[in-house]
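Below is one structure, written out as structure tokens, with a few remarks after it.
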Amino acid sequence: MGTAPAPQGERGLRPSYHRDLKPALQTEFKAELKADSLAFALLGAATAVVQVRGGMALPQALTGVFGTLDATPQGRGAIQDIAYRAMRQLGRSDALVGAMTEKAPEPLATALLACALPLMQLDAAGNAPYEAFTVVDQAVTAAGSHPDTARAKGMVNALLRRFLRERDALLASVARQPVARWNYPQWWIDAAVTAYPQDWQRILAAGDEAPPLTLRVNARKSPVDDYLAVLAEAGIGARRIGPHAVRLDKPMGVHGIPGFDAGIVSVQDAAAQLAAPLLDVQDGMRVLDACAAPGGKTCHILELADAHVTALDADPRRLARVGENLERLGLSATLQAAEAQTRGWWDGEGYDRILADVPCTASGIVRRHPDIRWLRRKADTLQLATLSGEILDNLWQMLRPNGKLLFVTCSLWPQESEAQAAAFAVRNGATRLDAPGQLLPVGGAEQDHDGLFYALFQKVA
């Protein structure tokens, strides 16, 4: 069948401009912008944000953007910073746009506004990363450089200038909306209130903060105090916040961290560093790290004991990252690509220790992955809890008598953590040992960690 001719006056328009057709986003378009400009970073970040709205994880979206734009290290850093800011304030930005316009802009224009608006607001210390008028100018430049936003250039200019004029009133108005006030979907806010009626506000606020850069010092290569001295000599401020945990005063690129490339330190949150010591692995033990990628816990186990470790993960690409981390640290383990709820990969020989870091909504690490709150759905909690229960039951059959299984999840929701642990113990007759239980996300001088849950079980002989 032939194609109908374009209406008079619209002949020759690109399909994405035709009023009768929904635009196909051109996420691989490379605008002619200076690579070191704020406009370049804003458009790159907006391209990533619009893909997150379409269901893609932010790190994956950023990787694609970096490749398409051939961004320099400086450009990548700026794009990433803006995109992460946008994710942490997306609820407020959407509410602001809704308050200033009756019709929702096209997706990429909306994403561009979501990237620009947070840069025009003061942080807790009363600072802003850029001059507000610079943000407006560069956002308009970015809009004019891309075919999917060129027609919205005037609208972007008008909305951002209106926000400058009416900032306090607009922010006060949208703050009455819970999604804008807390920057989470309403179901997430409701879940936090239900699970933690006394702490929900603190938990949500913690998830909106930028996380620290926490290192794990390799016990095989350096005492923590010696490494702190190395940092001090390099002029890098840091504090010890755990047996092997060091938090840097200011985040920096990993390859600029003294000893990183030599395997002296790795990046790992302080709460995640509790797993390996809790397992109490001894030399010569046979250990399974299920759902192991990217390998932080696998490596920590091997830093503390000469064990025979199998790192299991369902995603071969993510499993490759485990191998890369092991190589950098000079460690070795058996890498196995398979799903932890299946048994076909197992050789039938039991394990002395099993680490089960099971799939979950990742609600406890949202400050590191702010896109998660916008990607998850309420129904995901039950679905992931069901899968995790299957994994735990399957792995329990692979544990030797007197062996220990450590159940770990980076979720805050009881259905995935404490309720899961209690039900597992009943189903399998498991003896529960001392473990931290639910850790809530917290930041401070002495403690600074994500929200993780730990339950330790022993199989009675």
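For the stretch 217-238, the tally of residues that are closer than 29 Å to residue 123 by Cα and either surrounded by 15 or more Cβ atoms within 10 Å (Cβ to Cβ) or in contact with a His (Cβ under 8 Å, 6 or more places away or on another chain) (or both) stands at 3. In this structure, does residue 185 turn out to be surrounded by fewer than 21 Cβ atoms within 10 Å (Cβ to Cβ) and within 23 Å of residue 60 (Cα to Cα)? For residue 185, the condition - surrounded by fewer than 21 Cβ atoms within 10 Å (Cβ to Cβ) and within 23 Å of residue 60 (Cα to Cα) - is met.
The set of residues from the stretch 59-94 being over 30 Å from residue 178 (Cα atoms) and in contact with a Gly (Cβ under 6 Å, 6 or more places away or on another chain) comprises 65, 69. For the stretch 340-383, the set of residues classified as under 30 Å from residue 305 (Cβ atoms), among the hydroxyl-bearing types (Ser, Thr, Tyr) and either touching a Gly at 6+ places or on another chain (Cβ under 6 Å) or buried (at least 17 other Cβ atoms within 10 Å of the Cβ) (or both) consists of 351 only.
The rows are residues; the columns are (1) in contact with a strand residue (DSSP E or B) (Cβ under 8 Å, 6 or more places away or on another chain); (2) open to solvent by less than 10 Å² (accessible area, probe 1.4 Å); (3) of a type in the set (Asp, Glu).
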| position | (1), (2), (3) |
| --- | --- |
| 264 | yes, no, no |
| 267 | yes, no, no |
| 271 | yes, yes, no |
| 277 | no, no, no |
| 284 | yes, no, no |
| 288 | yes, yes, no |
| 293 | yes, no, no |
| 304 | no, no, no |
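Total residues in the stretch 443-461 satisfying the condition of being open to solvent by 50 Å² or more (accessible area, probe 1.4 Å), closer than 30 Å to residue 206 by Cα and part of a loop (DSSP other than H, G, I, E, B): the figure is 3.
Taking the criterion of being closer than 30 Å to residue 83 by Cβ and either in a helix (DSSP H, G or I) or without any contact (Cβ under 8 Å) to a residue 24 or more places away in the chain (or both), would at least one residue in the stretch 343-362 satisfy it? Checking the stretch 343-362: not a single residue is closer than 30 Å to residue 83 by Cβ and either in a helix (DSSP H, G or I) or without any contact (Cβ under 8 Å) to a residue 24 or more places away in the chain (or both). In the set (1) of a type in the set (A, V, I, L, M, F, W, C); (2) at pLDDT below 85; (3) open to solvent by 40 Å² or more (accessible area, probe 1.4 Å), residue 99 fails one condition alone, (2). For residues that are of a type in the set (Val, Ile, Thr) and more than 28 Å from the chain's Cα centre (by Cα), scanning just the stretch 424-442, find the one that is least open to solvent (accessible area, probe 1.4 Å). Within the stretch 424-442, the match that is least open to solvent (accessible area, probe 1.4 Å) is 431.
Tell me, yes or no, whether the stretch 213-224 has at least one residue that is hydroxyl-bearing (Ser, Thr, Tyr), touching a Gly at 6+ places or on another chain (Cβ under 7 Å) and closer than 22 Å to residue 409 by Cβ. Within the stretch 213-224, not a single residue is hydroxyl-bearing (Ser, Thr, Tyr), touching a Gly at 6+ places or on another chain (Cβ under 7 Å) and closer than 22 Å to residue 409 by Cβ. Filtered by the rule that a residue be open to solvent by 70 Å² or more (accessible area, probe 1.4 Å) and free of Cβ contacts under 8 Å to residues at least 12 places away in the same chain, the stretch 239-262 gives a lone residue, 255.
Listed residues 298, 310; which is in a helix (DSSP H, G or I), open to solvent by less than 30 Å² (accessible area, probe 1.4 Å) and among the β-branched types (Val, Ile, Thr)? Criteria check complete, one pass: 298. Hey, any hits in the stretch 142-157 for a residue that's in a loop (DSSP other than H, G, I, E, B) and over 21 Å from residue 34 (Cα atoms)? No, every residue in the stretch 142-157 fails to be in a loop (DSSP other than H, G, I, E, B) and over 21 Å from residue 34 (Cα atoms). Exactly one residue among 99, 104, 109, 125 is within 21 Å of residue 252 (Cβ to Cβ) and aliphatic (A, V, I, L, M), and that residue is 125.
Taking helices (runs of 4 or more DSSP H) as the structural unit, no element lying wholly within the stretch 172-260 holds at least 3 residues that are touching a Lys or Arg at 6+ places or on another chain (Cβ under 6 Å).
Among the residues of the stretch 313-330, those that are open to solvent by 20 Å² or more (accessible area, probe 1.4 Å) and in contact (Cβ under 8 Å) with a residue 60 or more places away in the chain comprise 328, 330. For residue 119, the requirement of being within 22 Å of residue 207 (Cα to Cα), buried (at least 22 other Cβ atoms within 10 Å of the Cβ), in contact with a Phe, Trp or Tyr (Cβ under 6 Å, 6 or more places away or on another chain) and among the aliphatic types (A, V, I, L, M) is met.
The values are calculated or read from the model by the stated rules, or taken from the named source; none is laboratory data. Keep in mind that what you see is a predicted model, and the values were worked out from it rather than measured. So basically every Cβ, Gly included, is an ideal-geometry build from the backbone, and we count neighbours across all protein chains shown. SASA here: full protein model, heavy atoms, side chains in, ligands and nucleic acids out. Shrake-Rupley method; radii C 1.70, N 1.55, O 1.52, S 1.80 Å.
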